[in-house]
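These notes are about the structure you will find just below.
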Amino acid sequence: MTMYNTNILCIGAGYVGGPTMAFIAYKCPHYRVTVVDVNRERIAAWNSDSLPVYEPGLDKVVRTARGRNLFFSTEIEKAIQENDVIFVSVNTPTKTFGVGEGMAADLQYWERTARQILNHSSNSKIVIEKSTLPVKTALAMERILKSNNNGVSFDILSNPEFLAEGTAIADLENPDRVLIGSRDTESGIRARDVLVEIYLNWVPRERILTTNTWSSELSKLVANAFLAQRISSINAVSALCEKTDADIGEVARAVGFDSRIGNRFLNASIGFGGSCFKKDILNLVYLCRTYGLEEVADYWERVVRINEYQKERFVLNMLNAMFNTLAGKRICLLGFAFKADTGDTREAPAIYIAKRLAEEKAEVVITDPKALPNAMLDLNKVTGVTYEIDPYKAAEGCDALAIMTEWGLYKGLDYRTIYDSMTKPAFVFDGRNILDHQHLHEVGFNVFPIGKPALAHF
Ligand SMILES: NC(=O)c1ccc[n+]([C@@H]2O[C@H](COP(=O)([O-])OP(=O)(O)OC[C@H]3O[C@@H](n4cnc5c(N)ncnc54)[C@H](O)[C@@H]3O)[C@@H](O)[C@H]2O)c1
């Protein structure tokens, strides 16, 4: 019978690998947890006081465990040799070339990792898919890992991560569920039980779901597709509200009171962002097309299309409200991160909106408490954009404010002072419906929420 030591390795120190492993080390001082990455700067940042990922509560978790039983390193091969339980949390972005371009998952990082594990293992290992992958990826991995006939065996488990950025630590502490997929063989079940034991250190047994490998891989894609679908559904209805004087807040509340529907994730907005929703749905769409399920593929693809439509609709509403020209107007984007409490801007709706405003020859001023460095990278080829950390200074002399991210701090700004410093008529476009629209209107703003009647002075 294979014996494993439960020293844990994670390959990939990104938004998922870093916080997840830091949390396991924090909760389980009896394990030694190592996180490796090819990116030297990232590892250096994990070893510094300025972590590469902003997450509320993460600093404390890392400070407690780092150097005690949590280690960040670039020595991947050595770490593979020394650890028997290996999580793989490398990136799986959308393919940008060849077959499946723009749709399928790019598995080159994942496959490279599998080969590295194969080449540097002299004893049996459990390899755990933490990355989000197309269904049946574990089968391909098994084939790669079994290609060396040297007596070393590998068990592949699927253990997708459901944390949400911005609440990662709370989600890790108290997950709705942990999902573990395995083969239904003796060694598959044994490997699964090793992973169950790790989570049992803090997760109640009834929240740990075990399934076959393929159900687990597919469940992650489907969970993200359902979440994104809810956002696209409410956003689609917000467009109808704007035509009919219905109020999306009232509609969402009335609909959400139905316990079969529930009231969460029903906020109309400029659309979803983040590295996962779009890529995972496109991956699902690609899988459906691969299996000849065109109707199913079309159905899910509409979720992404509505999200694009919502961002463009927001820009067109701005243009329309501001007398059909934005040329030379200063527009302040309040927030740039794809959601509050993160500095991550991957697929942030603000990227598209900033580019479109710049195309209309507006002068765009961007403010965000955590995401300005990423915003500068995202927009480095776009002219007419400036950056300012202080929201009051950012708004000075602007014709309009547009809320891009639901940061709590934007609710508490003194909008009278801001109004006084702006060009008149002054506009607010609330892309997250977080502000007190009545108050803003009283202050003098022309207010354009999403899916609600506008409050204008003309
Ligand atoms: N970001 C999220 O909120 C989230 C949530 C759930 C699941 N996921 C999934 O988790 C996976 C990782 O996402 P992320 O946001 O952490 O990505 P990320 O890009 O932040 O991190 C991935 C890391 O893997 C490293 N890497 C790539 N190839 C490597 C190799 N061969 N050896 C060592 N390191 C390597 C990269 O340098 C990078 O630091 C993806 O599949 C994603 O879909 C992400």
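A few points about this structure:
- Residues of the range 126-153 classified as part of a strand (DSSP E or B), within 15 Å of the ligand (Cβ to nearest atom) and either over 26 Å from residue 205 (Cβ atoms) or aliphatic (A, V, I, L, M) (or both), total: 2
- Look at the range 401-425: where a residue is closer than 20 Å to residue 455 by Cα and a partner is surrounded by 13 or more Cβ atoms within 10 Å (Cβ to Cβ) and of a type in the set (Ser, Thr, Tyr), sitting 6+ places away or on another chain with Cβ atoms under 7 Å, you get 403/410; 417/392; 418/392.
- Some residue of the range 87-108 being at pLDDT 95 or above, in contact with a Leu (Cβ under 9 Å, 6 or more places away or on another chain) and under 19 Å from residue 156 (Cα atoms): yes
- Matching option when the condition is in contact (Cβ under 8 Å) with a residue 60 or more places away in the chain, more than 15 Å from the ligand (Cβ to nearest atom) and under 26 Å from residue 125 (Cβ atoms), among 90, 85: 85
- Identification of helices (runs of 4 or more DSSP H) wholly contained in the range 274-368 with 1 or more residues that are more than 27 Å from residue 242 (Cα to Cα) and modelled with pLDDT of 95 or more yields 277-290, 294-321.
- Residue match in the range 59-66 (condition: in a loop (DSSP other than H, G, I, E, B), surrounded by 14 or more Cβ atoms within 10 Å (Cβ to Cβ) and of a type in the set (Lys, Arg)): no
- Yes/no for residue 369 being within 16 Å of the ligand (Cβ to nearest atom), within 27 Å of residue 169 (Cβ to Cβ), assigned by TED's automatic domain parsing to the domain that holds residue 415 and not aromatic (Phe, Trp, Tyr): no
- Long-range neighbours under 8 Å by Cβ, at least six apart or interchain, first residue closer than 17 Å to residue 274 by Cα within the range 159-188, second part of a strand (DSSP E or B) and away from the ligand (no atom under 16 Å from the Cβ): none
- Failed item in (1) touching a residue at least 12 places away in the same chain (Cβ under 8 Å); (2) surrounded by fewer than 24 Cβ atoms within 10 Å (Cβ to Cβ); (3) over 20 Å from residue 267 (Cβ atoms); (4) away from the ligand (no atom under 16 Å from the Cβ), with residue 359 passing the rest: (1)
- Screening 259, 233 for residues that are farther than 27 Å from residue 140 by Cα, of a type in the set (Ser, Thr, Tyr) and not in a helix (DSSP H, G or I) leaves exactly one candidate, 259.
- Single condition residue 247 does not satisfy, out of (1) in contact (Cβ under 8 Å) with a residue 40 or more places away in the chain; (2) touching a strand residue (DSSP E or B) at 6+ places or on another chain (Cβ under 6 Å): (2)
- The single condition from (1) over 33 Å from the mean Cα position of the chain (by Cα); (2) in contact (Cβ under 8 Å) with a residue 24 or more places away in the chain; (3) assigned by TED's automatic domain parsing to the domain that holds residue 403 that residue 458 fails is (3).
- Residue count for the range 392-414, restricted to those that are in a helix (DSSP H, G or I) and buried (at least 21 other Cβ atoms within 10 Å of the Cβ): 3.
- Members of the range 1-51 that are at negative phi, within 13 Å of the ligand (Cβ to nearest atom) and part of a loop (DSSP other than H, G, I, E, B): 13, 14, 15, 16, 37, 38, 39, 51
- Scanning the range 355-394 for residues that are within 11 Å of residue 332 (Cα to Cα) and touching a helix residue (DSSP H, G or I) at 6+ places or on another chain (Cβ under 8 Å) turns up 357, 364, 365, 366, 367, 368, 385, 387, 388, 391, 392.
- Qualifying positions in the range 97-125 - within 16 Å of the ligand (Cβ to nearest atom), part of a loop (DSSP other than H, G, I, E, B) and over 27 Å from the mean Cα position of the chain (by Cα): 120, 121
- Counting only residues that are loosely packed, with under 14 Cβ neighbours inside 10 Å and within 15 Å of the ligand (Cβ to nearest atom), the range 154-206 holds 2 of them.
The values are calculated or read from the model by the stated rules, or taken from the named source; none is laboratory data. Quick caveat, the model's predicted, so the values are computed rather than measured. Here Cβ is always computed from backbone atoms with ideal geometry, including for glycine, and neighbour counts include all displayed protein chains.
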